[in-house]
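Taken together, the values in this text are just the output of simple stated rules run on the coordinates, not laboratory data. The structure displayed is predicted, hence computed values, not measured ones. Counting neighbours? That spans all protein chains shown, and the Cβs are built from the backbone with ideal geometry, glycine included.
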């Protein structure tokens, strides 16, 4: 019923907005609509009037990164309300950081039949000449918080952030926490293993130190000489060593009290060492960019992370001609093919400028590795360069650890980039309000690369019932 209603032109679209706010320490909700509406007895919430004060706004846009790695991006959106005493209280209300939910349906329906089309987080409320403007963003804003918050409260590192080691980390610099007893810490949670210890790149005998994997510390029985670095197999949580993108993403979002729905990511071994106040959103971008994934919050506010492997086999969206606004389909850009790709892997978390002479003498390859920022693999496709004269080269750095995984990821990306890709835009009636970024779509009228595509941008307004859709193929 809902899909039929969406695709039927000329129907009035009733929009309901639920805006949370804090009253003391209690979360309460204000209810607004663009038409008089009262929920029914079996609805949630029941017997609730939605004040018909919505004037405009609600243009909400989200998109996948053009390279399909990392976060979805979203612009600041707003909802405009009639300015009167029953709305002016919002200016002083504690709405910033609280959730806002937008529903779309027919005003004759019960609330339960409406579909939730937007879930966001409020930036605040502002007074204008004739209206109250409530600004909000995608829930991704809630992940713009530092991953590391715990600091050392005593000792040589007092006030410094405690590090976090995840996966397999090469040549990290542990934090000196007890100078008198030569104690260093390389993780803020229990770790799986320490596989190498070095002074200025020279391997230290195991008889000269002891490891506490629960506390993630190393204590030396000799005076450390020069730069101390270690190779660490990092966080071991509830008996499980976290190695893959899926495991690490679920762990990091869990620390932020966000439940993650992660599916389809490759099981590559990663390495990530954090010592500064990097935001969780940026760290998630780095992880996804390493494995060809993307993350977003869906219409219901659920965090999702998926792999991008081209056009999905399942097509859940249909871009039909009868739903297109006349003459709105246009080519937005052409993405140039790649004929040579270099991928960086096995990142060196502490490149050394001062390396012991014995390392240069006895293991020059090791000395070179300790000075480099990462290893690289390169794959080339001469046939692509011959076919497409504008084909380009690309170099990317990743959190991948093994050469085999780097080669597999390079092959995957080269396959996707062997031909020009195209991004089109069209304006559709309300049917796309059910779609998600990253889903496969069938085109009634084929584009340059055929009749299959991926939805990469949705710019929608429930008040007008029109959606600007961008698709890649």
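Restricting the calculation to alpha carbons of the range 189-270 gives Rg and Dmax of 16.0, 48 angstrom. Inter-label distance, residue 353 to residue 372: 2.1 nm, where each label sits 7 Å from its Cα along the C-beta direction. Normalised radius of gyration (Cα atoms, divided by 2.2 N^0.38 Å) for the range 393-470: 1.47. On full extension, the segment bounded by residue 415 and residue 106 gains 106.7 nm, given 0.36 nm per residue less the C-alpha separation. Specify whether the C-alpha gyration tensor of the range 83-141 places it in the rounded, prolate or oblate class, a ≥ b ≥ c being the square roots of the eigenvalues: rounded for a/c under 1.5, otherwise prolate if a/b is larger than b/c and oblate if not. It comes out oblate by the Cα gyration axes.
Round to a whole angstrom and tell me the spacing of the C-alpha centers of the range 429-454 and the range 123-171. Computed from Cα coordinates, the inter-centre distance equals 35 Å. Among 287, 91, 455, the order by Cβ neighbours within 10 angstrom, fewest to most, reads 91, 455, 287. Relative to the longest principal axis of the Cα atoms of the chain, the long axis of helix 280-291 lies at roughly 80 degrees. Only helices enter the 222 nm calculation for the chain: every DSSP H run of n ≥ 4 contributes -39,500 (n - 2.57), and dividing by all residues gives -4000 deg cm²/dmol, rounded to 500. The Cα-based radius of gyration and maximum Cα-Cα distance (Dmax) for the chain are 26.7, 83 Å. R0 = 25 Å: FRET efficiency of residue 42 with residue 464, Cβ-based, nearest 0.05? For R0 = 25 Å, the calculated efficiency reads 0.25. Using R0 = 25 Å, the C-beta based FRET efficiency linking residue 326 and residue 12 works out to 0.70. Got a sec? Which residues in the range 414-446 would a label at residue 309 touch, if it sits 7 Å along Cα→Cβ and we count backbone N under 17 Å? Counting backbone N atoms under 17 Å from the label point, the list is 414-417, 438-441.
Placing a pseudo-label 7 Å from each Cα along the Cα-to-Cβ vector at residue 205 and residue 84 gives an inter-label distance of 8.6 nm.
For the Cα atoms of the chain, what angle does the longest principal axis make with the long axis of helix 245-255, in degrees from 0 to 90, nearest 10? Tilt of helix 245-255: around 70 degrees. For the range 2-143, the equivalent ellipsoid derived from the Cα gyration tensor has semi-axes of 23, 22, 15 Å, listed largest first. Relative to the longest principal axis of the Cα atoms of the chain, the long axis of helix 403-416 makes an angle of roughly 30 degrees. Cα-based values for the range 338-416, radius of gyration first and Dmax second, are 16.0, 50 Å. If you model the range 164-237 as an ellipsoid using its alpha carbon gyration tensor, with each semi-axis the square root of five times an eigenvalue, the axes come out at 18, 13, 10 Å, biggest first. Ordering of 382-393, 46-57 by packing is 46-57, 382-393, highest average first (other Cβ atoms within 10 Å, averaged per residue). In this calculation the C-beta distance from residue 223 to residue 152 is compared with R0 = 30 Å, giving a FRET efficiency of 0.85.
Distance between the modelled labels on residue 4 and residue 75, one decimal in nanometres: 3.6 nm (7 Å Cα→Cβ projection).
For the range 244-307, what class follows from the C-alpha gyration tensor (a ≥ b ≥ c being the square roots of its eigenvalues): rounded when a/c is under 1.5, otherwise prolate if a/b is larger than b/c, else oblate? Each step should come with its number before you reach the end.
Values: a/c = 1.72, a/b = 1.15, b/c = 1.49.
In terms of gyration-tensor shape, oblate.
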